[in-house]
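> Let me begin by handing over the structure; questions about it come next.
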Amino acid sequence: MATVNRLYVDNAASQPLRPEALEAMNAMAAQGNPAGQYATGRVARSHLEDAREQIAELLGADAAEVIFTGSGTEANNIAVQGLAFGSKAQRGASVIASANIEHPAVMESVSWICDGPIDFGFTQQRLPVDADGRVQLPSELDPQEIALLTCMWANNETGNIQPVQQFADHGIPFHTDAVQAVGHLPIDFHDLGAATLAASAHKFGGPKSVGILLARRDAKILSPVRGGGQERKLRSGTVNVQGAVGAAAALASAYKNMEEENKKMAVARDLVRTAAENIPDVRIWTNEPALPGHLHMSFPGAEGDSLIMLLDAAGVDASTGSACSAGVNRASHVLTAMGVDVDVARGALRLTFGPNVTQQEASELAEKLPRIVEQARLAGMASGA
Ligand code: PLP
């Protein structure tokens, strides 16, 4: 991270912009509207289509299947709502999602269509997760009853990878939120066989507010976004050429360097994990198979917020992993879905290492951690939250 003398271990929240992305975006600063029917429009469109092709190739999709959106959140909204509405006429009205481990972009979309203020006629079934945080798909599924299946590829808090292939194999429209996986794991959209897949550029060193939706050509999607009909009518709105080009450059860099970067992250993660395992009563939630840069754990008796504040004061940017609501440190919905007690879940700390992390930085963090946990435990738990 650029900030001097700080260690940034919140890469799952946002990865710093890769130099390749910045350079590609700077070259696009003066681009016109890609819908323009004149020379500058054609040039912008040609850069946009190059970016689309590059992304398609890296993710095992066709160029026509790459839809640029305004965020990973938007890509998930279009996919979940669009697929459910698109398949309702021909299939049943049941929406099956993994239990409370999905990101709000998916959970809230499912809740909106199933239990929101407007009765769309959908019902939802939430699948349980085991103690390792892995979603359990029922052995019997009736494809005709189900409008949509959805399960994230890798969890943003724990980093645990989900058995997405099992979900894709049922001939039921399947959406996967791959926001944490794209750029970090090999992805082949056609091999997976999902109807849709969501990604977000700022999670792999691209610009913020640039999402990618992969949408199979035969997927029936009634998009909730209406307007000028850009992006196969799935995501109306003027397309952000600079963002698309930055996303493509970042993704190319992430995949070119993936093996080496993943190794560096895993070495750093394991170093800190070993130190954490020596801290009394630690509980570790990141279980293999998992993303290489994730380390999610709890220190019972400590408040997650205290851990973050003490780390902040010690020069480390980290997170609890779960979004806090109105300043209250709520227990993570992911951990409680895994059966973790609320008090234990509240002492969570998520460290997510970046592609440039050094062993020296990891060693320094490993050395600091026991003292930080001790101080947080002395501060104790806030009551009532
Ligand atoms: N899905 C997952 C798993 C995420 O981790 C995030 C971001 O944290 C999102 C969706 C939302 O992505 P964006 O920030 O691009 O809206």
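> Let's test this: bin the Cα-Cα distances of region 241-385 at 5 Å from zero up to the farthest pair and state each bin's percent.
2, 10, 18, 20, 18, 13, 10, 6, 3, 1, 0
> Another question about this same structure. Highest GNM mean-square fluctuation, the chain, Cα pairs closer than 10 Å: which of Ile161, Ile372, Ile118?
Top of the fluctuation ranking is Ile118.
> How much net charge surrounds Glu261 when only other residues with a Cβ under 14 Å from its Cβ are counted (Lys, Arg +1; Asp, Glu -1)?
Within the 14 Å Cβ shell, the charges total +3.
> Next up: With every protein chain left in place, what is the accessible area per residue of the chain in square angstrom, probe 1.4 Å?
Accessible surface, normalised per residue, equals 42 Å².
> Roughly how far apart, in whole Å, are the Cα centres of region 1-50 and region 260-337?
When both Cα centres are located, 30 Å separates them.
> At 0.36 nm per residue, and after removing the present C-alpha to C-alpha distance, how many nm does the segment from Ala89 to Asp188 gain when stretched out fully?
Difference between extended and current length: 32.7 nm.
> Between beta-carbons, use under 13 Å as the cut-off and find the net charge around Thr286, counting Lys and Arg +1, Asp and Glu -1.
Spelling it out: positives minus negatives among the neighbours equals 0.
> Same structure, new question: Using θ = phi - 60° and the Karplus relation 6.51 cos²θ - 1.76 cosθ + 1.60, list the HN-Hα couplings for region 359-367 in order, rounded to whole Hz, with x at every Gly or Pro.
Result, ordered by residue: 4, 4, 5, 5, 5, 5, 5, 4, 6 Hz.
> Here is a further query. Using alpha-carbon pairs under 8 Å, 6+ residues apart, how would you state the relative contact order of the chain in percent?
Relative contact order, the chain: 22 percent.
> Quick one: putting +1 on the C-beta of Lys and Arg, -1 on the C-beta of Asp and Glu, what dipole do you get for the chain around its Cα centre, in Debye to the nearest 20?
For this selection, approximately 880 debye.
> Could you compute the net charge surrounding Ala63? Neighbours are other residues with a C-beta less than 9 Å from the C-beta of Ala63; K and R count +1, D and E count -1.
Here the charged neighbours net out to -4.
> Also, I was wondering about something else. Ordered by residue, what ³J(HN,Hα) values in Hz, to whole numbers, does region 309-321 give under the Karplus form 6.51 cos²θ - 1.76 cosθ + 1.60, where θ = phi - 60° and Gly and Pro are x?
Running phi through 6.51 cos²θ - 1.76 cosθ + 1.60 with θ = phi - 60° gives 5, 5, 5, 4, 5, 8, x, 10, 8, 9, 9, 7, x Hz.
> Suppose we keep just the DSSP beta bridges with both residues in the chain; what percent of those would be antiparallel, to 5?
55
> Let me ask something else. In Å, what is the Rg of the alpha-carbon atoms in the chain, and how long is Dmax?
Using the Cα atoms of the chain, the pair Rg, Dmax is 21.1, 67 Å.
> Specify the residue with the greatest mean-square fluctuation among Ala13, Ala154, Ala247, computed from a Gaussian network of the chain linking alpha-carbon atoms under 10 Å apart.
Ala13
> Full extension from Leu222 to Thr238: what is 0.36 nm times the residue separation minus their Cα-Cα distance, to one decimal in nm?
Extra length from Leu222 to Thr238 when fully extended: 3.8 nm.
> Taking the full set of protein chains and a 1.4 angstrom probe, give the accessible area of Asp62 in square angstrom, rounded to the nearest 10.
Roughly 50 Å² of Asp62 is accessible to a 1.4 Å probe.
> Still on this structure, please answer the following. If we sort 179-187, 33-41 on the protection proxy, mean other Cβ atoms within 10 Å, highest first, what's the order?
Ranked from most to least packed, the peptides come out as 179-187, 33-41.
> How about Lys220: which aspartates and glutamates have a C-alpha closer than 20 Å to its C-alpha, ignoring those fewer than 8 places off in the same chain?
Once the sequence-local aspartates and glutamates are set aside, what remains near Lys220 is Asp62, Glu65, Glu74, Asp142, Glu145, Asp169, Asp177, Asp191, Glu231.
> Return the subset of Lys203/Lys264; Lys88/Lys233; Lys208/Lys264; Lys208/Lys263; Lys88/Lys208 for which the Cα-Cα distance in this structure is over 27 Å, preserving the input order.
Table pairs above 27 Å Cα-Cα are Lys88/Lys208.
> So what is the calculated 222 nm ellipticity per residue for the chain, using -39500 (n - 2.57) for each DSSP H run with n of 4 or more, over all residues, to the nearest 500 deg cm²/dmol?
One gets -11500 deg cm²/dmol as the mean residue ellipticity at 222 nm.
> Hey, if you put +1 on the Cβ of every Lys and Arg and -1 on every Asp and Glu Cβ in the chain, which of Ala105, Pro34, Phe299 ends up farthest toward the positive end of that dipole?
Value: Pro34.
The values are calculated or read from the model by the stated rules, or taken from the named source; none is laboratory data. Here the structure is a predicted model, which means the values were calculated and not measured. FYI the Cβ positions are ideal-geometry reconstructions off the backbone, even for glycines, and counts take in every protein chain you see. For accessibility, only protein heavy atoms count, side chains too; no ligands or nucleic acids. Shrake-Rupley method; radii C 1.70, N 1.55, O 1.52, S 1.80 Å.
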